[in-house]
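The block underneath contains the structure these notes are about, expressed in structure tokens.
The values are calculated or read from the model by the stated rules, or taken from the named source; none is laboratory data. Fair warning: this is a prediction, and the values are worked out from it, not measured in the lab. Cβ: placed from backbone, ideal geometry, glycine included. Neighbour counts: every protein chain shown. Heavy atoms of the whole protein, side chains included, go into the accessibility calculation; ligands, DNA and RNA do not. Shrake-Rupley method; radii C 1.70, N 1.55, O 1.52, S 1.80 Å.
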Amino acid sequence: MFGGGGMNPRKMKQMMKQMGIDVEELDAERVVIETADGDDLVFDGAQVTKMDAQGQETYQIVGSPDSVADAGVGGSAAGAVEGDADPALDDAADADDSDDGIPEEDVKLVAQQAGVSKEAAREALEAANGEPARAISDLQ
């Protein structure tokens, strides 16, 4: 990982701990990287490592991505990669929209993730132009 040049992995971990570097393997099922040009990268079954060094988090993704035209809003690759549709995401698309055009599932998601009321979640979604990730970030 750091090019230890044959250094004992246990010794490497010990040195990193002394320097305040914490490394954690994440159990990720899918990683989506949305790019500005629309050719999004979807990693299924990738190995993801999170490294926290002095409050700065860095993520390392090891795997082979599939390039898709558009992985979807908010990182949902449902329907973008054949055979990977998530039934829970399909339900969210079928949810009744309120007068403001924001799906009730988005309101529930933001309220749950940010720990706020549905009314506060809806207001945050309106301010974030309907983007759940941005609304959650703004509320935290």
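Mind ordering 37-45, 101-109 by average Cβ neighbours within 10 Å, highest first?
Working: 37-45: 15.0, 101-109: 17.7.
In decreasing order of mean packing, 37-45, 101-109 become 101-109, 37-45.
Would you pull out the residues with amide H under 5 Å of ASP70's amide H, same chain only if 5 or more places away, H placed 1.01 Å from N?
Placed amide hydrogens put ASP40 under 5 Å from ASP70.
For GLY130, list long-range residues whose amide hydrogen, built 1.01 Å from N in the peptide plane, is under 5 Å from its own amide hydrogen.
Hits under the 5 Å cutoff: none.
Tell me which residues come under 5 Å, amide H to amide H, from ALA28 once H is placed; ignore anything under 5 positions away on its chain.
Close amide H contacts, sequence-distant or interchain: VAL48.
Quick one: order ARG134, ARG122 from most to least accessible surface, probe 1.4 Å.
Numbers: ARG134 95, ARG122 50 Å².
Sorted by accessible area, descending: ARG134, ARG122.
By per-residue mean of other Cβ atoms within 10 Å, what is the highest-first order of 19-27, 46-54? Display every interim value, and only then the final one.
Details: 19-27: 11.2, 46-54: 14.0.
Order by mean packing, descending: 46-54, 19-27.
Once you put a point 7 Å from the Cα of ALA69 and another 7 Å from the Cα of ASN129, both along the Cβ direction, what distance in nm separates them?
Going from the ALA69 label point to the ASN129 one covers 2.2 nm.
Straight-line reach only, C-alpha to C-alpha below 17 angstrom: list the lysines that LYS13 could link to, leaving out same-chain residues fewer than 8 apart.
Leaving aside lysines fewer than 8 places away in the same chain, those within reach of LYS13 are LYS50.
Once the Cβ-Cβ distance between ALA120 and MET7 is put in as r, and R0 is 35 Å, what FRET efficiency do you end up with, to the nearest 0.05?
Calculated value: 0.10.
Work out how much length TYR59 to GLU29 would gain on full extension: take 0.36 nm times their residue separation and subtract the Cα-Cα distance, in nm to one decimal. All intermediate terms of the calculation are to be shown ahead of the outcome.
Working: separation 30, 0.36 × 30 = 10.80 nm, distance 1.47 nm.
Net length gain for the segment: 9.3 nm.
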